[in-house]
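The values are calculated or read from the model by the stated rules, or taken from the named source; none is laboratory data. Just so it is clear, the model here is predicted, and its values are computed rather than measured. We place every Cβ from the backbone using ideal geometry, glycine too, and count neighbours over all the protein chains shown. In case anyone asks, the SASA skips ligands and DNA or RNA and just uses the protein heavy atoms, side chains included. Shrake-Rupley method; radii C 1.70, N 1.55, O 1.52, S 1.80 Å.
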Amino acid sequence: RGLRRLVQTTTGVEYLQRVKLTAGDGVFQDIFGNSVSIDGDTMVIGAVYDDDNGVNSGSAYVFTRNTAGNLTSGWTQVAKLTADAGGPAHDKFGHSVSIDADTVVIGVREDDDPANSGSAYVFTRDTPGDLTSNWTQVAKLTAGDGAVNDEFGNSVSIDGDTVVIGAYLDDANGTDSGSAYVFTLACPDG
């Protein structure tokens with residue numbers, strides 16, 4: 001199975017498939033690849049039905065490029081992330097993922113505090129810029145007005161010190177009208 005080529009003929013843009021990634025410990029119906037995000041030489045991939053912390057508790061895998069900046073380089077799995085409290089069964093940690101520099105945000109749309117209100121976890125690289133570094137959970141984000149079945153964490157995005165979390169079933173403007181919550185990193189001086 002060599003490299004495959006996809007050509008966009010209208011503009012002549014060409015993409016080459018370099019590698020196919022799988023989880024180092026993947027098993028039947030983990031749904032690895034449910035969500036993906038890449039920034040530079042690091043990517044994060046969700047596996048919502050991974051069972052490490054109970055049935056369908058979910059996880060997210062971090063891969064880094066073997067040779068930084070080299071587009072032809074291979075990729076290595078360097079971390080497997082799960083909620084620090086173990087994350088109960090059926091939470092689906094990794095439903096959505098986003099990475100920017102040394103920070104990863106992971107959506108858990110079926111977190112049960114209350115039932116299916118959802119949450120998002122923030123992880124940072126222990127050593128900024130070090131592709132081989134471990135990752136540590138630094139925050140768990142929830143909606144200040146979270147309610148049953150809002151599914152906060154259905155979508156996540158990060159850029160710099162700003163995180164946006166979608167809650168597509170929030171009832172803010174009527175049943176399931178949806179909402180998005182914006183978080184920023186608090187200034188060290190308050």
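Structure above, values below:
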item: Condition broken by VAL163, with the remaining ones in (1) touching a Leu at 6+ places or on another chain (Cβ under 8 Å); (2) open to solvent by less than 30 Å² (accessible area, probe 1.4 Å); (3) farther than 25 Å from THR64 by Cα; (4) part of a strand (DSSP E or B) satisfied; result: (3)
item: Those residues of the range 44-75 which are in a strand (DSSP E or B) and either under 18 Å from ALA120 (Cβ atoms) or open to solvent by 30 Å² or more (accessible area, probe 1.4 Å) (or both), in sequence order; result: VAL44, ILE45, GLY46, ALA47, ASP52, GLY58, SER59, ALA60, TYR61, VAL62, TRP75
item: ASP100 surrounded by fewer than 20 Cβ atoms within 10 Å (Cβ to Cβ) and either over 14 Å from the mean Cα position of the chain (by Cα) or of a type in the set (Val, Ile, Thr) (or both); result: no
item: Residues of the range 132-155 satisfying the condition of being out of contact with any His (no Cβ under 9 Å at 6 or more places or on another chain), assigned to a strand (DSSP E or B) and buried (at least 18 other Cβ atoms within 10 Å of the Cβ); result: TRP135, LEU141, PHE152
item: Residues (within 11 Å of ILE158 (Cβ to Cβ) and in contact with a Gly (Cβ under 9 Å, 6 or more places away or on another chain)) located in the range 108-126; result: ALA120
item: For ASP170: the one exception among (1) surrounded by fewer than 24 Cβ atoms within 10 Å (Cβ to Cβ); (2) over 17 Å from the mean Cα position of the chain (by Cα); (3) in contact (Cβ under 8 Å) with a residue 12 or more places away in the chain; result: (1)
item: Members of the range 93-122 found to be part of a loop (DSSP other than H, G, I, E, B), under 25 Å from GLY40 (Cβ atoms) and small (Gly, Ala, Ser), listed by number; result: GLY94, ALA101
item: Test: residue in the range 8-26 that is modelled with pLDDT of 90 or more, open to solvent by less than 50 Å² (accessible area, probe 1.4 Å), within 18 Å of TRP135 (Cα to Cα) and not in a loop (DSSP other than H, G, I, E, B); result: no
item: ALA120 being among the hydrophobic types (A, V, I, L, M, F, W, C) and touching a residue at least 24 places away in the same chain (Cβ under 8 Å); result: yes
